[in-house]
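Worksheet: one structure, shown below.
The values are calculated or read from the model by the stated rules, or taken from the named source; none is laboratory data. Please read these numbers as outputs of a predicted model, since none were measured by experiment. Quick reminder, even Gly has a Cβ in these numbers, built from the backbone with ideal geometry, and neighbours come from all protein chains shown. All accessible areas refer to the heavy atoms of the entire protein, side chains included, with ligands and DNA or RNA removed. Shrake-Rupley method; radii C 1.70, N 1.55, O 1.52, S 1.80 Å.
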Amino acid sequence: MDIKYEIERLINYAINTHLIENSDVMYVRNRYFYLLNIRYNSSDDNLFEAQRTQLANETLEYPDEILDNIVQYCQVNGISKPGYTPDIIKCNLMDIVTPRPSLVRTNFKHKYINFGISSALQYFYQLSVASNYIKLADISKNHTWVISTNYGNMEITINLSKPEKDPKQIAEAKLQIATDYPKCLLCAENEGFAGDYTRPSRFTLRLIPLCLNGETWYFQFSPYLYYPEHSIIFSSVHRDMLVNLSTFTAMFDFVDFIPEYIIGANTDIPIVGGSILSHDHFQAGNYSFPMEKAKIRQTITWPNYPQVSGHILEWPLSVISLTGNRQDLISLSNKILQHWLSYSDETVGILNHTAERHNALNPIVRKLNDDNYRIYLILRNNRKSSKHPDGIFHPHEHLHHIKKENIGLIEAMGLAILPGRLDNELKQAEQILLTNDITQINAIDKKHLLWPHKDWLTYLSKTYGQFSKKTITECLKKEVGNKFVHVLECSGVFKNTPAGLAAFERFITLTSEISPELNTKN
């Protein structure tokens, strides 16, 4: 491998993606030579000129091929130190050509003041992609498809973009000295943090400060986009997730600042919350989710809020949609939240607390125009039982072979994020189903990769009878999508049954001192 050529390729990529300018080339090259312990030769000047000419027409969408080559060079030549993982090497290489945080913030502010928020976001997004913080090459490996259901379209993703740790990294991680810096993956101290065997490198992370509800928050794009412009907004203070009146105010402040984005929050309790409950944060993006296209099941009016239009959605989870002005929506949403936190209905299995609190909700806000907004309130409950030890309103055990993890904000809105293991498991499922031989399915034992899917494969074999290579992939996609719908139905607190819908109406009635009118839409 010609390491000097790979360095020139990386410099060329950085120029083409506007990370650096031609006047930065010598500085950047010197930094790379020092980092990789490379010496100049007397003939290098002519070599560099020839290489730059050779690379004049090379335009790469991603730098991953170059970074992989340089990592290989480091491994072969012993250029490493404890904790110097491939991820850290790559991020270190890209950090050298990524503008410093102060310059990024200055450029963002300049774009915002002179050209508007959309221009500023476009600049920041393109920078995050060019610096390889947003890992588009990895994201492109994900499998995605859409299925039609009784609730409308659902979007399915098998997430292959997060790389798995190899056994060596796992072993070496045990030798790392525990540290509480940064306190979690969402703390502002991650900006420029090197990372180690236990935490990803954040050399190229750049943050944009925001003022929401009079407090400092930070905006960043997610390195593994689950949807277009998937972004994280987190508090400057390391504090637990909490959904309250301040939460609603901060969310409305955000959509006033970025009107084209939708913003939502995970709940603030385990099982029905997100993966990080220890740091107050939101998720946002420039995207319309399946839940937003759901049909209306019932119309709700509150006499105390005559300008608010309310609806119960035709959705597997229990969702209240409110449309109106900012002040009314914040006030009414907080009233509904307070009623929900103290609400119990044992007839449908809802207890607001036992030894701990169980009720919570996902709020989602979108600005429609001027002083016209829409907020979605998804009612959640995390109570467990002996029958459902992982959660009563959580994917039940017979669905764990497809999805066992928490149903967080994104999935509650109809975008499934399924585990990467399914990629290989579904391929093997195709092979065994294509034999059209039920005895092979019956022979699957506990040591077999497909053991968790055995009952499902038996069902598929009996339901479809014969499979062909032309149809089996689409059949499995459809059936995986159906499983996701069942997962969401498990997570709904008011089931789509006569008893569940009646209980939902009873709860709505309690949210106003004067009972609202409920009109079933035919």
Search result, residues across the range 272-295 that are open to solvent by less than 30 Å² (accessible area, probe 1.4 Å) and among the aliphatic types (A, V, I, L, M): Val272, Ala284, Met291, Ala294
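Residues that are under 28 Å from Asp240 (Cα atoms): list the strands (runs of 3 or more DSSP E) wholly contained in the range 257-314 that include at least 2 such residues.
Numbers: elements: 262-264, 281-285, 296-302, 305-313.
Hits in the range 257-314: 262-264, 281-285.
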Return the pair list, or none, for Cβ contacts closer than 8 Å from residues in the range 94-118 that are over 25 Å from Leu67 (Cα atoms) to residues that are among the small types (Gly, Ala, Ser), at least 6 apart or on different chains. Phe108/Ala120; Lys109/Ala120; Lys111/Ser119; Lys111/Ala120; Tyr112/Ser119; Tyr112/Ala120
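Looking only at the range 378-404, count how many residues are in contact with a Phe, Trp or Tyr (Cβ under 8 Å, 6 or more places away or on another chain) and either in a strand (DSSP E or B) or free of Cβ contacts under 8 Å to residues at least 40 places away in the same chain (or both). Don't jump to the end; show me each part of the working.
We begin by selecting, within the range 378-404, every residue in contact with a Phe, Trp or Tyr (Cβ under 8 Å, 6 or more places away or on another chain); these are 379-383, 401-403.
After this cut, where a residue has to be either in a strand (DSSP E or B) or free of Cβ contacts under 8 Å to residues at least 40 places away in the same chain (or both) as well, the list is 379-381, 383.
Counting residues in the range 378-404 that are in contact with a Phe, Trp or Tyr (Cβ under 8 Å, 6 or more places away or on another chain) and either in a strand (DSSP E or B) or free of Cβ contacts under 8 Å to residues at least 40 places away in the same chain (or both) gives 4.
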Could you tell me whether any residue of the range 93-105 is in a loop (DSSP other than H, G, I, E, B), in contact with an Asp or Glu (Cβ under 9 Å, 6 or more places away or on another chain), buried (at least 17 other Cβ atoms within 10 Å of the Cβ) and modelled with pLDDT under 95? no
How many residues does the range 232-248 contain that are open to solvent by less than 10 Å² (accessible area, probe 1.4 Å) and among the basic types (Lys, Arg)? 0
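Among the residues of the range 249-268, which ones are more than 17 Å from the chain's Cα centre (by Cα) and open to solvent by less than 10 Å² (accessible area, probe 1.4 Å)? Spell out the reasoning first.
So in the range 249-268, the residues more than 17 Å from the chain's Cα centre (by Cα) come out as 249-260.
Hits for the range 249-268 are Ala250, Met251, Phe252, Phe254, Val255, Ile258.
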Sole miss for Phe494 among (1) assigned to a loop (DSSP other than H, G, I, E, B); (2) surrounded by 18 or more Cβ atoms within 10 Å (Cβ to Cβ); (3) in contact with a Lys or Arg (Cβ under 9 Å, 6 or more places away or on another chain) is condition (3)
Checking Thr471 against (1) modelled with pLDDT of 95 or more; (2) closer than 30 Å to Ile441 by Cβ, the condition it does not meet: (1)
Please go through the range 338-359 and pick out each residue that is surrounded by fewer than 22 Cβ atoms within 10 Å (Cβ to Cβ), modelled with pLDDT of 95 or more, of a type in the set (A, V, I, L, M, F, W, C) and farther than 16 Å from Asn496 by Cβ. Leu341, Leu351
Against the condition crowded, with 19+ Cβ neighbours inside 10 Å and at negative phi, how does Gln298 come out, does it pass? no
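Take Phe221 and tell me if it is out of contact with any His (no Cβ under 9 Å at 6 or more places or on another chain) and open to solvent by less than 10 Å² (accessible area, probe 1.4 Å). Steps first, answer last, please.
Working: out of contact with any His (no Cβ under 9 Å at 6 or more places or on another chain): no; open to solvent by less than 10 Å² (accessible area, probe 1.4 Å): yes.
Taking the combined requirement at face value, the residue does not satisfy it.
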Subset of the range 114-146 that is of a type in the set (Phe, Trp, Tyr) and in a helix (DSSP H, G or I) - its residue that is most open to solvent (accessible area, probe 1.4 Å): Phe115
Say whether the condition of being surrounded by fewer than 16 Cβ atoms within 10 Å (Cβ to Cβ) and within 30 Å of Glu346 (Cα to Cα) is met by at least one residue in the range 450-461. no
Can you name every residue in the range 12-33 that is in a helix (DSSP H, G or I) and in contact with a Leu (Cβ under 9 Å, 6 or more places away or on another chain)? Asn12, Tyr13, Asn16, Val28, Tyr32
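What about Gln72, is it in contact (Cβ under 8 Å) with a residue 60 or more places away in the chain and in a helix (DSSP H, G or I)? Step through it out loud before you land on a result.
On the way: in contact (Cβ under 8 Å) with a residue 60 or more places away in the chain: yes; in a helix (DSSP H, G or I): yes.
Yes, satisfied.
From the residues in the range 405-425 that are in a loop (DSSP other than H, G, I, E, B) and open to solvent by less than 20 Å² (accessible area, probe 1.4 Å), which one is farthest from Arg357 (Cα to Cα)?
This residue is Gly414.
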Members of the range 426-440 found to be β-branched (Val, Ile, Thr) and in a helix (DSSP H, G or I), listed by number: Ile432, Ile438, Thr439
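Against the condition of a type in the set (D, E, K, R), free of Cβ contacts under 8 Å to residues at least 12 places away in the same chain and either at negative phi or open to solvent by 40 Å² or more (accessible area, probe 1.4 Å) (or both), how does Asp437 come out, does it pass?
Numbers: of a type in the set (D, E, K, R): yes; free of Cβ contacts under 8 Å to residues at least 12 places away in the same chain: yes; either at negative phi or open to solvent by 40 Å² or more (accessible area, probe 1.4 Å) (or both): yes.
Taking the combined requirement at face value, the residue satisfies it.
Identify the residue in the range 318-361 that is in a strand (DSSP E or B) and among the β-branched types (Val, Ile, Thr) and, among all such residues, is nearest to Gly391 (Cα to Cα). Explain how you work it out, then say what you get.
Of all residues in the range 318-361, those in a strand (DSSP E or B) come to 318-324, 345, 350, 353, 357, 359-361.
Within this subset, residues satisfying the condition of being among the β-branched types (Val, Ile, Thr) are 319-320, 323, 350.
Values: Val319: 19, Ile320: 22, Thr323: 32, Ile350: 12 Å.
In this case the residue turns out to be Ile350.
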